[in-house]
Structures are given as structure tokens and as C-alpha cells.
Amino acid sequence: MIESSSTPEGARKSEQLRAWLWAGCVSLATSLAILAPFLWLGTASGHDIQFHISSWLDAAGQWKEGILFPRWTEWANYGFGEPRFIFYPPFSWVLGAGLGSVLPWTWIPPVFVLVVQTFAGISAFALIRRYVSLTSAAVLGAVTYAANPYALLVIYLRSDYAELLATSFYPLLLLFALRLCGFAESKLSRRKNILWFSVLFAAVWLSNAPAGVLASYSLALLFFWATILQKTWRPMLRGFGGIALGLGLASFYLVPAAYEQRWVNISGALAEGLTPADNFLFAVTPDAEHDAFNRIASFTAVLLMVCTLAAAVVLWRKVSSGLENRERGRTLAATFVLALAASVMMTRATTIFWIHLPKLRFVQFPWRWMAVLAVVFALFFAAAATQRTVIAFWIAMAIMLGGTGTYLVRHTWWDAEDVNSVKAAMDGGAGFEGTDEYDPLGDDHTDIPQGQPEAKPIAGEAEGAAESKLEPRKPEIQILRWSAEDRVVLVKTVQPVKIRLRLLHHPAWSVRVNGRSAPLERTVSYDAIVVPVPMGESRIEAQFTRTKDRTTGGTISVLSALAAVLMGWTPKRKQITV
């Protein structure tokens, strides 16, 4: 029987559908408004834009080679490569490469923002509508989150598309965390709430590692608060069970990324200017350009703090006057604790935590806690509005976010050629600059020469011999195959010779000469592979192999996925007819 919309239940579902459609359309419109400056100024050329564009292009190129899940970034370090895709979470570069495979590459930065921020608004609406009965106020919260000041900072000045993607999951993740804490009712079973929480938690980690660290500490605080408040271990047990399952689902990325840090210069992530000490609110360093950006980030954080506090005061009055029920009051109190913790963690007073808490220092920038604060800000802002004041709140939101956006647009660099320049460098075989923290151990990527052939003979007998011109009788070199993870070179020479491959040393690379493992040497300064070959004809084969840590991580993810399926599977009960 089809339920008519004229019935109370049908009317309720129809109203909910209209609310969701409204939230989706308004979130889309908000994202388009954010992108309006792109139409006449070009692309916002933030700090990380070259990194993300090059990752998207490299991944898409490897798909054409038949490599569905790239691990080695082929064109980094001007073609010598780096293991970037092992350490950088996959969701953002998969999404960027996927969009670039069907749309013009110059469209991808704005389209990426459009997709992610539209989803961010819908994600926020899913959270806020559980605590705000007024639909217009819930939609207000969705818009507020989609265009929150920190998101605008990331879009215009930082171009950190991976972090933007990760934070789009934050509202949904918080919703299911509140359910596990007992602060929100749910029609789903407890097992399914844990399941969805773990999937969203894994999605954050698979989008951006610093966002994953922030989510982990924020959720741990939330579950601890609920445990203390309710005087029961159940919130803690449910929450950490969900976290464990989420980490298991993401282990195919997390295990190799953690284990293989010993093979790269991971300390490069904490170089001068990238440490927490250099990036507390209003920190002062010898770098004036760094401090100029940090002041902008600091003022953005202060704006979020003040607005969140103002909304919290309004909500406290509503709770005190009995306009908010006790359950909603507990939820607002718990999220206020998160906002307070996020605000304090941006200040230098928390230095001890940044030094001693595991992996927290790799967040690098304390102002990244704005990502957590922004969720609470949107929730409080929407919850503070009433039927009588909602229009005033819409106007205040438009003024605040419009003013913030205008200021940031005027203080960033705009460049219409970012995508084209990276694409031209890759199409022309030049490649792009490598990344400090992903540089294989023993290499100095600042010394890597540009414009090098795939294979090149070098002179000298000693290991690490410098490159120079050979004797008159040069060997013949033929490239039989050269892809991201598989290289085959044929060498014909009348004397023993050393061949330098356009490839950096990394334990996952297996190099064989004529079917046998070859003793490898190294270049001076940078760390390219040098292969000694005998006179005559030799076949050099280099393959990027699967290391044990990748196998272990994949196995854990498969087992976790099976556990998740079992958690979500509800057997049908047999009907007994009498």
C-alpha cells in the first residue's frame, strides 16, 4: 500500500523531503557564491595548490597506465619520484583525479570546492536538524557551516583541498558521536550507530591526516565528558569501539604511512615555520610573510571564538528559562566543552600538550582547531535563532561571512595558470618539485637535477661516483617500458658501465639485471639508483613491489570491513503462520 501524502505520516515525510531539498539547494547556492571570485580573478593560489594539482594529475596519469591505486608519485622530484601517495590520504587525490578525468583540468579546483562545500552544508544540516526544530534556522546553520570563516580561509589562502574534504565529514561524525554518548536519540540500532560512526571516522582519516588527529582527540574528549557526566563507562566503550573499527577500516593507508616513516625524511613536516610553536595565535617569528598570514588566521580564529561565545550566551539563557529541554541542554554543554578546548588549544598556554601528546605536533598549525570550532559555531548559531529572530540571524550571518570572504579574497594571490603550468610540466616530461617530508631517506631533493633522461651512463668506479662524460664509446640505451611502477631498460655496451636511473632509492623498489638482483650504488648529493652492468647486452628491470606493511594494512582493513558488514547485517525474522 502506497502511503498518501494526505496522511499525517505522509505529510511529515513530504515536509522532511522539502527541508532536505531546500538545504541541498541553499548549500549549493552558498558554494557557488564562494566561487564567484574565481569567475573574474582566476584560481585562488593558496599555499598548497601546486601540491594538490600535481597529485591529481599524477594519479590520473597512472590510471591511464592501468595503476588503479597509485603508491609512487611518478613525476615528483622532476621525474625521480617520491612515495607521496603512501603517506598522503587517498580520498582527496582520488576525487581530484576522478573529476579531472571527465572535466577540463582548469575547472577542477573550483569544482572540487563546489562538491565538497555543498556536501559540507548538507552534512551540517543533518546534525543541526536533530536539535533545531525550525527548518529555516537549520538551513541557516547549513549555510553558516558551508561558508564558515575557517572554510573560507582554507579555500582562498591555503588551497588545502584535502583538509576541506575532511572537515565536510565533521558534522555527521559529531552527530553519530553524540548518539553514542546518549546525547541524541536515533531510530538506528546501537550497532548501526557504531558502524556509521566508524565509517565517518575512517573517512576523515582517509581525507586528511591532521584532521584525523584533531578528530581523534576531540572525540576522545567528548566520550570522556559523557562518561563523567553519566557516571557510566558505556559512552567510552562505545566510542572507542567505533574509533578502533574506524582505524581498522583505514589501516590500508594508516599502517604503511606509519611504518614507512622510517624510510623518508618525515621530520621535514616540522621544518622551521611549520612547528606548533611558530603558529600559535599571533605568534611572532623572523619570517614577516609567515607572520602576516598567521595574523589573518589568528583574527579569523578570534572571530569564530567571539561568535560562538555570543551564540552560547543566548543558548544558555534559553536553557535557563526552560525554552530548551534538558537533553538538548546536555548536548549543547558537551559541544561547548569541545569549542572551549579547541579555542584553548590554539594558544601558547597549551605548549606542553603539543610537545607530549602523541602525533599532535604533526598537526603543525594550532589554528587548525578552528575546524572543530566551526562545527560548534554553526550548531550554536542555528540553535540560538527563534521564529522571531531568524531573519535577523540570516542578516547577521550574511554580513559576517560576506565581510570575511571579501577580506580574504583581497588578501590572497589569484593565478589563472596554476593548473596549466603543472600540466605542461608533466606533459613535457619535466615533472615537478618534490616534498620535504616524503623525500626518501638519504636524499636531498633540492640537489636533484632537472631535465634528466630515464637512464644515463655515468663514469667512475667508486660507489657514489659523480656524473661526468664517458669515454668516446658510449653504450646504447633503449627504454622498453617506463611506467610509474615498472621500468625496463636495455643496455648494450662494449665495456662494463654504470647506469643511473631516473629513480630514487626506496626499499619498495626491486632492481634486477638479467633476472638477478643487482648490487646498487648511489649518486652523490641526491640519492638516485645507479646500476652496474657488465659488457654485452643487459636488461635492467625495476619494479615497485608490495612491502609487508602494505599487505598487513590491507589485511586489517579487509577484516575490519567484514566486521562492519556483520555489524550492519540484520537477519530477517521468519514469519510463523498458524
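The residues of the stretch 502-559 that are assigned to a loop (DSSP other than H, G, I, E, B), in contact with a strand residue (DSSP E or B) (Cβ under 7 Å, 6 or more places away or on another chain) and closer than 21 Å to Trp75 by Cβ, listed by number, are His505, His506, Ala508, Thr523, Asp527, Thr545. Inclusion of Gly273 among residues that are assigned by TED's automatic domain parsing to the domain that holds Tyr150, touching a helix residue (DSSP H, G or I) at 6+ places or on another chain (Cβ under 9 Å) and either more than 27 Å from Arg410 (Cα to Cα) or without any contact (Cβ under 8 Å) to a residue 12 or more places away in the chain (or both) is not warranted.
Being of a type outside the set (Gly, Ala, Ser) and at positive phi is the requirement here; does Lys359 meet it? Yes, satisfied.
Quick one: is Gly273 in a loop (DSSP other than H, G, I, E, B) and more than 23 Å from Glu185 (Cα to Cα)? For Gly273, the condition - in a loop (DSSP other than H, G, I, E, B) and more than 23 Å from Glu185 (Cα to Cα) - is met. Of the residues in the stretch 282-301, at least one is within 26 Å of Asp439 (Cα to Cα) and assigned to a helix (DSSP H, G or I). Name the single residue that is surrounded by the fewest Cβ atoms within 10 Å (Cβ to Cβ) among those in the stretch 280-336 being among the charged types (D, E, K, R) and closer than 28 Å to Trp413 by Cα. Only one residue tops the list, namely Glu289. Taken over the stretch 424-441, residues that are in contact with a Ser or Thr (Cβ under 9 Å, 6 or more places away or on another chain) and either assigned to a helix (DSSP H, G or I) or in the same structural domain as Asn77 (by TED's automatic domain parsing) (or both) amount to 5. When Ala277 is tested against (1) buried (at least 19 other Cβ atoms within 10 Å of the Cβ); (2) over 20 Å from Leu379 (Cβ atoms), exactly one condition is not met: (1). Could you check, for the stretch 73-96, whether at least one of its residues is over 29 Å from Glu437 (Cα atoms), at pLDDT 95 or above and assigned by TED's automatic domain parsing to the domain that holds Ala250? No, the stretch 73-96 contains no residue that is over 29 Å from Glu437 (Cα atoms), at pLDDT 95 or above and assigned by TED's automatic domain parsing to the domain that holds Ala250. Look at (1) out of contact with any Phe, Trp or Tyr (no Cβ under 6 Å at 6 or more places or on another chain); (2) closer than 23 Å to Phe69 by Cβ; (3) surrounded by 13 or more Cβ atoms within 10 Å (Cβ to Cβ) and you find that Val530 fails only one, number (2). Could you grab the pairs with beta carbons closer than 6 Å, sequence gap of 6+ or different chains, first residue in the stretch 156-168 and closer than 17 Å to Leu408 by Cβ, second one among the polar types (S, T, N, Q) and surrounded by fewer than 24 Cβ atoms within 10 Å (Cβ to Cβ)? Matching pairs, first to second residue: Tyr156/Thr412; Leu157/Thr412. For the stretch 173-250, the helices (runs of 4 or more DSSP H) that sit wholly inside it and include 1 or more residues that are under 22 Å from Tyr161 (Cα atoms), touching a Gly at 6+ places or on another chain (Cβ under 7 Å) and assigned by TED's automatic domain parsing to the domain that holds Val94 are 190-205.
Give the stretch 253-278 a look and list any residue that's small (Gly, Ala, Ser) and closer than 23 Å to Ala202 by Cα, or say none. Within the stretch 253-278, Ala257, Ala258, Ala269 qualify. Residues that are among the charged types (D, E, K, R) and surrounded by fewer than 22 Cβ atoms within 10 Å (Cβ to Cβ) were ranked within the stretch 353-403; the one that is nearest to Val26 (Cα to Cα) is Arg388.
Report whether or not Leu249 is closer than 30 Å to Leu41 by Cα and among the hydrophobic types (A, V, I, L, M, F, W, C). No; evaluated as a whole, the condition is false for this residue. Take the stretch 90-139 and flag every residue that is small (Gly, Ala, Ser) and crowded, with 19+ Cβ neighbours inside 10 Å. Listed by number, the residues that qualify are Ser92, Gly96, Ala97, Gly100, Ala120, Gly121, Ser123, Ala124, Ala137, Ala138.
Counting only helices (runs of 4 or more DSSP H) wholly contained in the stretch 1-111, the ones carrying 2 or more residues that are within 30 Å of Ser251 (Cβ to Cβ) occupy 49-64, 84-87, 90-102. Screening Trp482 against (1) modelled with pLDDT of 95 or more; (2) surrounded by 20 or more Cβ atoms within 10 Å (Cβ to Cβ) leaves a single unmet condition, (2). Within the stretch 499-545, the set of residues being of a type in the set (Lys, Arg) and in contact (Cβ under 8 Å) with a residue 24 or more places away in the chain comprises Arg500, Arg502, Arg512, Arg522, Arg539. Condition first: modelled with pLDDT of 95 or more, within 22 Å of the chain's Cα centre (by Cα) and of a type outside the set (D, E, K, R). Can you find one or more residues in the stretch 181-195 that meet it? Taking every residue of the stretch 181-195 in turn, at least one turns out to be modelled with pLDDT of 95 or more, within 22 Å of the chain's Cα centre (by Cα) and of a type outside the set (D, E, K, R). Can Thr404 be described as within 29 Å of Val337 (Cβ to Cβ), in contact with a helix residue (DSSP H, G or I) (Cβ under 6 Å, 6 or more places away or on another chain) and among the polar types (S, T, N, Q)? Taking the combined requirement at face value, the residue satisfies it.
Taking the criterion of being farther than 26 Å from Arg84 by Cβ, of a type outside the set (Val, Ile, Thr) and surrounded by 18 or more Cβ atoms within 10 Å (Cβ to Cβ), the only residue of the stretch 485-517 that qualifies is Lys498.
Among the residues of this structure, Glu467 does not count as one that is modelled with pLDDT of 95 or more and surrounded by 13 or more Cβ atoms within 10 Å (Cβ to Cβ). In this structure, is Leu303 under 15 Å from Thr347 (Cβ atoms), assigned by TED's automatic domain parsing to the domain that holds Leu408, of a type in the set (A, V, I, L, M) and at pLDDT 95 or above? Judged against the criteria, Leu303 is not a match.
The values are calculated or read from the model by the stated rules, or taken from the named source; none is laboratory data. A quick note: this is a predicted structure, and the numbers were derived from the prediction, not measured. Every residue, glycine as well, gets a Cβ built from its backbone with ideal geometry; the counts of neighbours run over all protein chains shown.
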